[in-house]
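Working notes, structure below.
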Amino acid sequence: MNIKKVLVAGATGYLGQYVVKELKKRGFWVRVLIRNKAQKDKFKAVDDFYLGQLTSPNSIKGITKDIDWVFSSVGITRQKDGMTYMDVDYQANSNLLKEALKDKVEAFQYISAINGDKLKHLKIFEAKEKFVEELQDSEINYCVLRPNGFFSDMKDFLNMAKSGRVYLFGDGNFKLNPIHGEDLAKICVDKMEEGIKEETIGGIDIFTQNELAKIALKAWKKPIKISHLPDWTRRFTIWLLRTFTSSKTYGPIEFFLTAMADDNIANQYGTIRLEDFFKLEVNKLKNKKY
Ligand SMILES: NC(=O)c1ccc[n+]([C@@H]2O[C@H](COP(=O)([O-])OP(=O)(O)OC[C@H]3O[C@@H](n4cnc5c(N)ncnc54)[C@H](OP(=O)(O)O)[C@@H]3O)[C@@H](O)[C@H]2O)c1
C-alpha cells in the first residue's frame, strides 16, 4: 500500500499536536512545520521537520515537496507576535496553499471555526473565511472543518470557577458542544480519508452555559454560584474595545463575546467528556501548587 505523506502546519499548537499523534498512530509519513529548532522537542516520532515561517513566502520554498496531504490549523488564538488575523489566518495559509498547488499536492485540510461562514463581519472570520474561499476556488481537493470550542478554551470557565463564582452574560441558556483535541484529531484524519469537503464538528455532550459553569464549579468542589450579567454589558464591552483598541487586541475578545451570545451546536462526535477533562485539569493545578 502507498503510504500517504502528510505535512502538518500548526503542529506546535493544541490541535496540531494531536493530529500528528493520530497520523503516526495510523501509519502515515509525517512532516512537521516548525518555526524554530527548539520546537523539535515537542515531537517524539515524526519523519521530517521543515523549518520555516509561513508569513515569509521565501522561507517555505519546497515545504510541500513529495507531500500528498496538507493539514493546517495555523491561526492566531492568543495574540503572541503582534500580527493580525489577515497576516496569519489568511496570508500565511495562502502562502502555504501556493506551495501546495505548485507541488500538485492531492488534498488540503483547513481548520476554521464553528459559524465562521456566518460571522464574516468578525475580524477572525473575515480572514479565516477569505482563506476558505481561496482554498475552495483552487484546483486542490479541499476539506474545511469548522470545529466548536476546544476543551483547552473551556479552561477559561474553570479558571473563573476557581474563585467560587462564574459570571455569564444573559440567562446562560445558550448551548454549545465543545470538543477535546484528541477526539477532534481523529475526526480530522477520518474526514480526510473519507474525502469530506466541509463539516461542522463538535463534542459528544451539548451543554447550556449554565451547565458548563456548574461542572466547572463542581470540579473545584465549590457550591454553585453563577452571576448573570445583563447582555448590554457584553455589547458595550465589544463597542468599547472596537472603539478604543486595535483589532489585534479586540479580535479575540470580540470573537469570544459574540460566540457567547448564541447557540453553537455542531455535529456530535468523540468520547471524551468535559467533566473528566475538568477533573484532570483541577488535579494538575492542585499538584502544581504543592
Ligand atoms: N481554540 C478553540 O477553541 C478553537 C475552536 C475552533 C477553531 N479553532 C481554530 O483552530 C485552529 C487551531 O487552534 P489551536 O487551539 O490548536 O491553536 P494554537 O494552539 O494557538 O496553535 C496555533 C498554531 O498556529 C501557529 N501560528 C500562530 N501564529 C503564527 C505565525 N505568526 N506564524 C506561523 N505560525 C503561527 C502556531 O505556531 P507556534 O506554536 O510556532 O506559535 C501553532 O502551531 C486555530 O486557527 C483556531 O482559530 C480554535
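The values are calculated or read from the model by the stated rules, or taken from the named source; none is laboratory data. None of the values given here were measured: they were computed from a predicted structure. We place every Cβ from the backbone using ideal geometry, glycine too, and count neighbours over all the protein chains shown.
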In the range 1-32, what count of residues is obtained for those that are within 18 Å of ASN95 (Cβ to Cβ), more than 8 Å from the ligand (Cβ to nearest atom) and not basic (Lys, Arg)? 3
Note on the range 40-78: residues among the aliphatic types (A, V, I, L, M) and part of a loop (DSSP other than H, G, I, E, B) are ALA45, VAL46, LEU54, ILE63, ILE67, VAL74, ILE76
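Residues checked against (1) under 23 Å from ASP137 (Cβ atoms); (2) at pLDDT below 95; (3) within 14 Å of the ligand (Cβ to nearest atom); (4) surrounded by fewer than 15 Cβ atoms within 10 Å (Cβ to Cβ):
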| site | (1), (2), (3), (4) |
| --- | --- |
| ALA45 | no, yes, no, yes |
| ASP48 | no, no, no, yes |
| LEU54 | yes, no, yes, no |
| ASP66 | no, no, no, yes |
| GLN79 | no, yes, yes, yes |
| GLN91 | yes, no, yes, no |
| LYS102 | yes, no, no, yes |
Tally time: how many residues in the range 33-42 are more than 12 Å from the ligand (Cβ to nearest atom) and either closer than 18 Å to PHE108 by Cβ or touching a residue at least 24 places away in the same chain (Cβ under 8 Å) (or both)? 0
Name every residue in the range 136-156 that is within 12 Å of the ligand (Cβ to nearest atom) and part of a helix (DSSP H, G or I), in order of residue number. PHE151, SER152, ASP153, MET154, LYS155, ASP156
State the number of residues belonging to the range 110-134 that are more than 18 Å from the chain's Cα centre (by Cα) and either buried (at least 16 other Cβ atoms within 10 Å of the Cβ) or part of a helix (DSSP H, G or I) (or both). 2
Here are LYS191, LYS186: which of them is in contact with a Cys (Cβ under 6 Å, 6 or more places away or on another chain), part of a helix (DSSP H, G or I) and within 26 Å of ARG26 (Cβ to Cβ)? LYS191
